[in-house]
Structure formats: structure tokens, C-alpha cells
Amino acid sequence: MNCSISGEVPEEPVVSKQSGLLFEKRLIERHISDYAKCPVTGEPLTMDDIVPIKAGKIVKPRPVQAASIPGMIGMFQNEWDSLMLSNFSLEQQLHNARQELSHALYQHDAACRVIARLKKERDEARYLLAEADERQRSISGATGNAVHAPALSNGRRAAEEEDLGPDAKRARPGISTDTIAELTDCNLELSQQRKKRTIPSTLASIEDLERYTQISSYPLHKTNKPGILSFDIHYSKDIIATGGIDTNAVVFDRSSGQIVSTLSGHSKKVTSIKIVPQDDSLVITTSADKTVRLWQGSEDGNYDCKQVLREHTAEVQAVTVHATNKYFVTASLDDSWCFYDLSSGRCLTQVTDSSGSEGYTSAAFHPDGLILGTGTTDAVVKIWDVKTQVNVAKFDGHTGPVTAMSFSENGYFLATAAHDGVKLWDLRKLKNFRSFPSPDPDTPTNYVDFDHSGSYLAVASSDIRVYQVASVKSEWNCIKTLPDLSGTGKATCAKFGPDAKYIAVGSSDRNLRIFGLPGDDVAPES
């Protein structure tokens, strides 16, 4: 007798009192719990209506095919055929799934290319629109004044018009062979000089540095938007140029303690500033307003905006001047750096990295001029060959954006700063050989700077620390810790003066502070 549900001989037979039908116990119990009725007649049924049947152990009869060897071989053959058919069906399903996945990936790649092209066209349209607007303002100003002046005193004139390529973009002529030859000659000359380099006898001693204290403080920027983000020092004339959050740059004569000129024109904070050493009357500023400005000093001491450069499409974070004093590089959060001719203000080449970094936050030329270092938002330090614009090395290991970098005068060491502190890199072996953690884990290290002789290293974070430069294997001793006297707990930049006779410090307030030997201040505090 067979089960009325499965049609097979039941292992635990039970019978219904109402219908007299035979069932497998486990099957009828599940059916009653789900439906509470007979699966055959449809009448209401409960477990009380089920009566177990006592029977001997049931032995299932052997299939007819298994009664002989030929039958068993045929049964195995049928099972094998069924398995092969099932495997073939699975292979077909896998092939179809792979085709669908390949098609989906192709569509995704095509969509990404379309999005990238649209973004590029959008950026080009924004650039052309901004350029047209600037030209219109320039033409309107020239018509109103009836004078074609070379620059406006408020620094808002647009850059001089450049030739456009066939795709309506600024032509990038590239770094010419003559320029490369000039860079190479400069490299050879400086390399030869470096071999004969000696530490100047006028350099401040370690004993002097240990006695440094604040000797003067100058309020250079506005009180409503305090903060000095960057500054540079012209060593021979002791002139300091600062860039602030208040959108202004200030040229300051330290020897007299007087402000020479205030450079107004940027619409957002000034992120970086450089004085061209060969011409102290030429200053370069970069800003969060995506522009680079060249400022030319005049005989009356005022600085006028000579050019506004708009190659970048995001915040311009850094500027560095080449050793020839004829070229400079800017780095931006738009993931590109630009190589400019200083005399014309023309961008010779714009290098974009395809590795997927989120932008550049710092940049510095090697003292010999053929190597460029850049720091990124994703904590990577990249070393570039300037002649070929090829990334030749990468240094990992930092945490947070690389905020600053400085090459040692001996050409062997690179110091980089980030949220986790300072790392020292040996450029000969391309590896990190020493690290200085940030003194306050909540305050990033904002600045790092070798002095001009390569004997000392200054680090700006929650305080200012001065280290004695040593070799790779020797210990770099901290010889002086200067407090941040701004009350903000954040020193933004620190730089050595001529022969390390003083240390200039910028903080998150509006004051430029000078640390040196007591009694060495040359002007009263402002």
C-alpha cells in the first residue's frame, strides 16, 4: 500500500478515520498543520482523526533495472546522460551570464567616458566664460579711461590674451628644447657649486638657536579674518611677503618694521606666496579663487597686478620658483600642475596625473632644478622629472594631505609634512629614514623648512621645533622648541631668516612673529 500523497510505500503509515486513506505520518502532519483538511477529499481533518498503523519493517522493492548487471549499467548510463545534460545547461547559463556582465561593464565604461567628456566640456565652457567676462571688463575699463594701461592698481585686470588652439583651449607649446637645455645647464652649474659648498661662518650656532625667544610681532593682516597661511623671505634685502585668509598679501620690510605694500585683488584666501629672488619687486601669489597673480613693484613702493593666470579649475595650493628665476610651477586641487614662463606669464605645459589622486596640496623644486616634488590630498609624495614631466617616484606612508615639503640644500634629503608629522626621505635610495610625529595628534603639521645652508630644519605644528640636520644614520636632535604665542594652538608656517639669524613664524592670528636672540630686534614691535 502506498501513501496517498507521495505515492510511495510509507515508513510510518497512518490512516484517516474519516476517509480511510493511508498516508506517510510526517507528510500528513505537515499538511494538517498548514491547511487543517484532507489533501485528497478536502474535508476538515485534525491529528485526532489520524490513527497510526503498526506494521513490520518495510523493505522497498529493488527496481527492475537493478536486478541484473546490464540493467544496472543502463541505469548508470541514464544517470550519466542526465548529469551531462545538466552540466551542459549550467555551462550555457554561465556563458549567458558572462555575456550579460560583459555588456553591462561595456555600458558602464561608455557611461564613464561620456561623463568625463561632459565634465571636460563643462570645465572648458566655464573657463571660456570666465575669460570672456574678464575680457569684457578689461575692454570696458579701457574704454572708460581712454587709456590702455599695462595694469590696474587694484589688481583685477585679466591676463594678457593668448592664442587659442583649434579646440578653443589655450595653446600649450610645451617645454622647448632651448628651455630644457637652459634647465640642464643650470643643473650642472649648481651641482658643481654644491660640491664646493661650505657652511658660512656667519651661520647662527646651535648655542644661539637655543637662546631664541620672541623679539617682535607685527599685525599685518585684518582682524575680522585672521590667519597667515604662507610667507616667503627675500634674504639679501630682508623683505618678507605674507599671504593671509583675509584675501590679501602683504610685503613687509623687516629692517624698518614697516609694511611696504598690501596686495589686494584675490577674492578668496591667499594659499601660497613667493618672492622671485632675482627681482625682489616681483611677487607670485596663489589663491583659493583658482587664480595665480603676478605682482610687479614700482618705484613708489606699490605693487600692481601684472597678470592673472587662470589655467586651474580648482584651488591653487602652492607655487615654487625654479633656480633660474625664469620659470615657476603652480599646483592645484584640480589634480594638475602648471609650468610657466615667468617673463610672459604663459603656461608652457599643464601636467595632469591619471593615477586618480584628488589634487595637489604642496610643491617644491629640487635645488638643482630638474626634479619637482608634489604632495597630494591622499598622503602621497610624487617626484617628477621636469624635462619629461614623468612621475619617476612615489613616497607613501603619511596620514592626511601633504601640507608642505622642503628639499635640503645638499640635494640628498626631502622633508615632507602632513597630519601625522614630518617624514625625511633619502633621495638616493628613495626611502624614508626618519619620522618626527606631530606633537599634538589633533593638530596637523603645517610647514617644514630647511634653512638656506641645509644645517637646520624648522617644523610648524602646535609649536615650532628646530632640528639639527645630520646624516641618514645619525640622530637629528631637537635643539629648540618655540611656543605658539598666538593663543590658537596652530602655527601655520615657519621659515629661517638669512644665516638663520632669526625664525619668522605665521599663525592662525594676524601677527607675524620674529624669534631671535634677545636684543637683536631691529625695529620696535607694532
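The values are calculated or read from the model by the stated rules, or taken from the named source; none is laboratory data. Please read all numbers here as calculations on a predicted model, not as lab measurements. Positions of Cβ are generated from backbone atoms using ideal geometry, with glycine treated the same way; all protein chains shown enter the neighbour counts. Areas reflect the complete protein model, heavy atoms only, side chains present, ligands, DNA and RNA absent. Shrake-Rupley method; radii C 1.70, N 1.55, O 1.52, S 1.80 Å.
Annotations
- For a modelled paramagnetic label at residue 180, 7 Å from Cα along Cα-to-Cβ, the residues of the range 375-398 in reach, with backbone nitrogen under 12 Å, are 386-390.
- Sorted on the mean count of surrounding Cβ atoms within 10 Å across their residues, most packed first, peptides 16-29, 457-470, 185-198 read 457-470, 16-29, 185-198.
- Solvent-accessible area assigned to carbon and sulfur over the chain amounts to 52 percent, based on a 1.4 Å probe.
- Within the straight-line cut-off of under 17 Å between alpha carbons, the lysines reachable from residue 268 are 222, 225, 290, sequence neighbours fewer than 8 places apart in one chain being disregarded.
- Length-normalised contact order for the range 238-390 - Cα pairs under 8 Å, 6+ apart - percent: 13
- Residues in the range 1-98 average 78 Å² of solvent-accessible surface per residue, probe 1.4 Å, ligands and nucleic acids excluded.
- Between residue 21 and residue 223, residue separation times 0.36 nm minus the direct Cα-Cα distance comes to 63.0 nm.
- Placed amide H near residue 480: partners under 5 Å, 5+ positions off or other chain: 466
- Heavy atoms of the protein chains alone define the surface here; on that basis the range 347-428 has 32 Å² accessible area per residue at 1.4 Å probe size.
- Loop trypsin sites (Lys or Arg not before Pro), the range 240-323 (other Cβ atoms within 10 Å of the site Cβ: 14 or fewer; DSSP): 268
- Which labelled figure in [x] 1.62; [y] 1.05; [z] 1.82 is Cα Rg over 2.2 N^0.38 Å, once derived from the coordinates: [x]
- Compared with the alpha-carbon gap, the fully stretched path from residue 120 to residue 501 is longer by 132.2 nm at 0.36 nm per residue.
- The length gained by stretching the chain between residue 37 and residue 67 to full extension, at 0.36 nm per residue less their Cα-Cα distance, is 6.7 nm.
- Rounded to 0.05, the FRET efficiency of the residue 103 and residue 481 pair, given R0 = 60 Å and the Cβ-Cβ distance, is 0.40.
- Taking 18 Å as the limit for the C-alpha separation, the pairs 269/382; 25/54; 196/480 exceed it in the case of 269/382; 196/480.
- Normalising the average separation of contacting C-alpha pairs (under 8 angstrom, six or more residues apart) by the number of residues puts the relative contact order of the chain at 11 percent.
- Using the Cβ-Cβ distance between residue 193 and residue 314 with R0 = 56 Å, the FRET efficiency computed as 1/(1 + (r/R0)^6) comes to roughly 0.90.
- Calculated P(r) of the range 400-457 - Cα pairs past 18 Å, %: 30
- In this calculation the C-beta distance from residue 6 to residue 111 is compared with R0 = 41 Å, giving a FRET efficiency of 0.15.
- Restricting the range 369-442 to trypsin sites (Lys or Arg not before Pro) that sit in a DSSP loop and have at most 15 other Cβ atoms within 10 Å of their own Cβ leaves 428, 429.
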